[in-house]
Amino acid sequence: DTEVTQTPKHLVMGMTNKKSLKCEQHMGHRAMYWYKQKAKKPPELMFVYSYEKLSINESVPSRFSPECPNSSLLNLHLHALQPEDSALYLCASIGGRANEQFFGPGTRLTVL
Amino acid sequence: AQTVTQSQPEMSVQEAETVTLSCTYDTSESDYYLFWYKQPPSRQMILVIRQEAYKQQNATENRFSVNFQKAAKSFSLKISDSQLGDAAMYFCAYRTISGGYNKLIFGAGTRLAVHP
């Protein structure tokens with residue numbers, strides 16, 4: 001299984017809602033990342049998890065809260081988001097011969 | 001700090017023709033990896049090809065090949081026999097280790113259109 005899955009595919013939420021994004025991999029990788037991508041731009045790194053511990057937080061606002069319950073699963077909890085947070089949120093799992101980043105299909109988030 | 005530059009915001013090619021996408025980078029490291037990722041309208045980032053800097057031989061994956069010029073810090077992607085399904089945004093990426101973790105530095109991307 002060389003796949004990274006993300007749910008949901010699409011999410012529309014209001015600024016007062018609480019929602020969560022989910023990412024899963026079964027490749028035995030021990031590092032997983034969250035990226036944010038705006039249209040026509042490259043992905044921007046948000047969080048790095050290594051061995052289920054948060055290693056890097058790229059100055060992301062606290063309305064984004066990551067969680068790594070186990071080595072296969074990565075969540076991103078969302079609360080009190082702003083319309084400018086609307087973007088594609090990509091998860092990546094790192095491993096393989098060249099320590100490549102394997103990306104999931106993303107969650108397209110719209111904040112109203 | 002490392003940087004990656006893709007100077008062609010948009011390119012187009014006729015079906016079955018060949019197109020080359022440019023990428024240059026700046027680094028003081030001697031050992032690193034370079035990647036090309038494809039992102040079609042479905043938005044999933046797909047790894048197209050990788051190049052290890054210490055390997056002189058250019059990487060090839062079916063219709064995709066690279067021209068890696070280490071001294072010039074250039075890493076172009078050639079797509080042969082272009083197909084409609086090749087239409088996508090292409091990102092060049094440099095992999096470094098920063099703060100103990102594997103970090104990708106992306107170029108701004110090149111949008112490729114394929115015309116029948």
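The values are calculated or read from the model by the stated rules, or taken from the named source; none is laboratory data. These numbers come from a predicted model, not from an experiment. Here Cβ is always computed from backbone atoms with ideal geometry, including for glycine, and neighbour counts include all displayed protein chains. Heavy atoms of the whole protein, side chains included, go into the accessibility calculation; ligands, DNA and RNA do not. Shrake-Rupley method; radii C 1.70, N 1.55, O 1.52, S 1.80 Å.
I want the local charge near B:ILE105. Using Cβ-Cβ distances under 12 Å, sum +1 for each Lys or Arg and -1 for each Asp or Glu among the other residues.
Values: positive: B:ARG95, B:LYS103; negative: A:GLU44, B:ASP26, B:GLU29.
For residues surrounding B:ILE105, the net value is -1.
Between B:SER82, B:SER12, B:SER98, where does the largest GNM mean-square fluctuation fall for chain B, given springs only between Cα atoms within less than 10 Å?
B:SER98
Taking a Cβ-Cβ separation under 4.7 Å as the criterion for a possible partner, which cysteines of the protein assembly as shown have none?
Cysteines of the protein assembly as shown left without a disulfide-compatible partner: A:CYS68.
What is the P(r) of chain B, as percent of Cα-Cα pairs per 10 Å bin from 0?
For chain B, the binned pair fractions read 14, 48, 30, 7, 1 percent.
I'd like the GluC sites (Glu not before Pro) in segment B:12-116 restricted to DSSP loop residues with at most 13 other Cβ atoms within 10 Å, sorted by number. Don't skip to the end; give the middle numbers.
On the way: sites: B:GLU15, B:GLU17, B:GLU29, B:GLU52, B:GLU61; in loops: B:GLU15, B:GLU17, B:GLU29.
Sites meeting the loop and neighbour criteria: B:GLU15, B:GLU17, B:GLU29.
As an exercise, identify the trypsin sites (Lys or Arg not before Pro) in segment A:41-112 lying in DSSP coil whose Cβ has no more than 16 other Cβ atoms within 10 Å. Working shown, then result.
Numbers: sites: A:LYS53, A:ARG63, A:ARG97, A:ARG108; in loops: A:ARG63, A:ARG97.
Sparse-neighbourhood loop trypsin sites (Lys or Arg not before Pro): A:ARG63, A:ARG97.
In the protein assembly as shown, how does Rg compare with the Kirkwood Rh, expressed as the Rg/Rh ratio over alpha carbon atoms? Show your work: numbers first, answer last.
Working: Rg = 17.9 Å, Rh = 18.3 Å.
Radius of gyration relative to Kirkwood radius: 0.97.
Charges on Cβ only, +1 for Lys and Arg, -1 for Asp and Glu, centred on the Cα centroid of chain A; of A:ALA31, A:ALA80, A:GLY95, which one is farthest towards the dipole's positive end?
Result: A:ALA80, furthest along the dipole toward the positive end.
Compute the distance in nm between two label points, each set 7 Å from the Cα along the Cα-to-Cβ direction, one at A:VAL12 and one at B:SER74.
It is 4.8 nm.
Using a Gaussian network model of chain B whose springs link C-alpha atoms within less than 10 Å, name the residue from B:ALA87, B:ALA16, B:ALA72 with the highest mean-square fluctuation.
Among B:ALA87, B:ALA16, B:ALA72, the largest GNM mean-square fluctuation belongs to B:ALA72.
How much of the accessible area of the protein assembly as shown, probe 1.4 Å, is carbon plus sulfur, in whole percent? Don't jump to the answer; show the numbers that get you there.
Numbers: 5260 of 11030 Å².
Within the protein assembly as shown, the accessible surface is 48 percent carbon and sulfur.
Take the alpha carbon atoms of segment B:31-46, find their center, do the same for segment B:50-65, and report the distance between the two centers in whole angstrom.
Taking the Cα centre of each part, segment B:31-46 and segment B:50-65 sit 14 Å apart.
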